[in-house]
Amino acid sequence: MLVPGFLNLIRPFNFDLFCAGKKFLIFNLVSRDLKIKYRRSFLGFFWTVLHPLILCGIYYFIFHEILQVKIPNYVIFILSGVIPWTFFSTSVIEGTETLIGNSSLLTKVPIPPQTFPFVACLTNFITFLLAMPIVFSFGLILGVSYGFQLLYLPVLAVILFSMAYTLALILSVAYVHLRDLKHAIGLLMQIWFYATPILYKPEMIPQKFQGFLYLNPLGGLFACFHRLFLGENLVLRDILISIAWAAIFYLLAIAVQVKKAKRALEYL
Amino acid sequence: MNSTSTPKVPSIEVRGLTKKFQVNTTRPGSLKTFLVRLSRGQLKSTEKQEFSVLSDLSFTIHEGEFVGIMGRNGVGKSTLLKLISGIYEPTLGTIKVKGTIAPLIELGAGFNPDLSGYENIFLNASILGFGREVTKKAVPNILNFAGLGDHIYSPVRNYSSGMQVRLGFSIATHLDAPILLIDEVLAVGDLEFQNKCIKKIKELHQQRRTIVLITHNPEAVRNHCDRCVLIDKHQIIFDGPAAQGASLYEQNMDLNS
């Protein structure tokens, strides 16, 4: 009760949104997922990191070598966008499927339904954090110098995690009712990837589409990631807009969870 | 029953419990249908039908009681179990439960085939809702009862189904939960292990744990339970001594068949 306002963000309406009361369960489920990912194949972690790195290589070749996109330090630029994006899209897609995927457990043992999307996001978040040093190494090798703006990295990471998790919460409940959502989400994530300035700079968008940029919840956030890893100063407006979007997702997720999640179990 | 010697402390209190499910025959069910309806403005016109699975149930189960809940298929026994364990929320009424429940509904819930039996103890215990300390303390007893020897360190995928059940049962019964919910899981494993399970449950009963058994088997109720609750047509039709309830259940089944 030291910081009641902050506590309320973690437990809005007495609802344990971030599974704070289930630490042992979360610990076991996350370590299960990590063990399975990394134990069965000796190269497990290697693959998880290699996959986005190879994607970056492909994007670099196509956009830099063939399409001649002129962005300085394009390798870092791509990495600093694609790595957070990989976390975001994997978490949302995996998180969406968790209620259906764990239906045999959820209908037999009283587990808060938000546990499974949370675990999916947390597992991916750990992989994301482990990939961070790689991006920084590339930056340092290619001559970027980092300063105090690195202090913003935790802030950006929290916003990114919060957005992915809250979106996964909303979609996991929707997926129980709309069973073909899975196909739509794969496609929508693909569209979202290209609609977000990840491979290009916001300034490169033609004037008539500029307005849409800030309608994209991820627009400001990815601009921040780019600037941070390129050693530039962040724009406060971008951070604030991202926080505002995260807050909207958060409120929607609470509404869905508090009102609908328990009932959704009856349809599993 | 020892009701005269010790004061009765309620363990599970159910008051006016009603559970309705919605049968929404016109639910969209898919994004495609949802979008089509949305474009035609037909979303609001969905008809909602409700049916009661349980209506206005009230009963109290006291600490240390061994209660058998019986009823035919589809009368809502499993729904009642899910309501007591907190998976579903009541439409009306209240359920008060004192202490952690160990659900022996699915033994080895969430066992992961790639992890060792030992690792699965912690996973399973946490899924059942127990904490780190309780689990750690119970591990020696769990290992001892399951009797898997060195197999405990090999992946569960190499276990026979009997071995998995042994481990699952052992975990669920050694975590010191004051309440056990059992859903006819005892009919698994070999005869020797079945007897071991029954012995263990009787032992827990003697330790004054509350045990709720959901079953179709009047013999089981006669042999083990103190009390029987019969459910039919969404309501309690009998609540009393086990032997009487079991006989009534048999008569009821004969009448209806």
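Within the option set A:141, A:134, being away from every other protein chain (no Cβ under 14 Å), in contact (Cβ under 8 Å) with a residue 24 or more places away in the chain and surrounded by fewer than 16 Cβ atoms within 10 Å (Cβ to Cβ) holds for one residue only, A:134.
Among the criteria (1) over 30 Å from residue B:162 (Cα atoms); (2) modelled with pLDDT under 85; (3) open to solvent by 30 Å² or more (accessible area, probe 1.4 Å), the one residue B:92 does not fulfil is (2). Check region A:95-106 and report whether any residue there is open to solvent by less than 40 Å² (accessible area, probe 1.4 Å), more than 14 Å from chain B (Cβ to nearest Cβ) and on the phi < 0 side of the Ramachandran plot. Yes - at least one qualifying residue is present in region A:95-106. Could you run through region B:98-140 and say how many residues are in a helix (DSSP H, G or I), surrounded by fewer than 19 Cβ atoms within 10 Å (Cβ to Cβ) and of a type in the set (Val, Ile, Thr)? Summing the residues that are in a helix (DSSP H, G or I), surrounded by fewer than 19 Cβ atoms within 10 Å (Cβ to Cβ) and of a type in the set (Val, Ile, Thr) in region B:98-140 gives 2.
Right, residue A:167: at pLDDT 95 or above and either under 27 Å from residue A:146 (Cβ atoms) or more than 14 Å from chain B (Cβ to nearest Cβ) (or both) or not?
Values: at pLDDT 95 or above: yes; either under 27 Å from residue A:146 (Cβ atoms) or more than 14 Å from chain B (Cβ to nearest Cβ) (or both): yes.
It is true that residue A:167 is at pLDDT 95 or above and either under 27 Å from residue A:146 (Cβ atoms) or more than 14 Å from chain B (Cβ to nearest Cβ) (or both).
Of the helices (runs of 4 or more DSSP H) lying entirely inside region A:95-161, those containing at least 1 residues that are within 22 Å of the chain's Cα centre (by Cα) span A:98-101, A:115-141. All told, residue A:228 meets the bar of being assigned to a helix (DSSP H, G or I) and open to solvent by less than 20 Å² (accessible area, probe 1.4 Å). Does region B:43-59 contain at least one residue that is loosely packed, with under 14 Cβ neighbours inside 10 Å, modelled with pLDDT of 85 or more and in contact with a helix residue (DSSP H, G or I) (Cβ under 9 Å, 6 or more places away or on another chain)? So far as region B:43-59 goes, no, none of its residues is loosely packed, with under 14 Cβ neighbours inside 10 Å, modelled with pLDDT of 85 or more and in contact with a helix residue (DSSP H, G or I) (Cβ under 9 Å, 6 or more places away or on another chain). Close contacts from region B:114-135, counting a first residue that is more than 8 Å from chain A (Cβ to nearest Cβ) and a second that is among the acidic types (Asp, Glu), with Cβ to Cβ under 7 Å and a gap of 6+ residues or different chains, come to B:134/B:176. Of all the residues in region A:241-266, those that are open to solvent by less than 20 Å² (accessible area, probe 1.4 Å) and either within 14 Å of chain B (Cβ to nearest Cβ) or not in a helix (DSSP H, G or I) (or both) number 4. Out of curiosity, is residue A:61 farther than 30 Å from residue A:254 by Cβ, touching a Leu at 6+ places or on another chain (Cβ under 8 Å) and surrounded by fewer than 17 Cβ atoms within 10 Å (Cβ to Cβ)? In short, no.
The values are calculated or read from the model by the stated rules, or taken from the named source; none is laboratory data. None of these values were measured; they are calculated from a predicted model. Every residue, glycine as well, gets a Cβ built from its backbone with ideal geometry; the counts of neighbours run over all protein chains shown. For accessibility, only protein heavy atoms count, side chains too; no ligands or nucleic acids. Shrake-Rupley method; radii C 1.70, N 1.55, O 1.52, S 1.80 Å.
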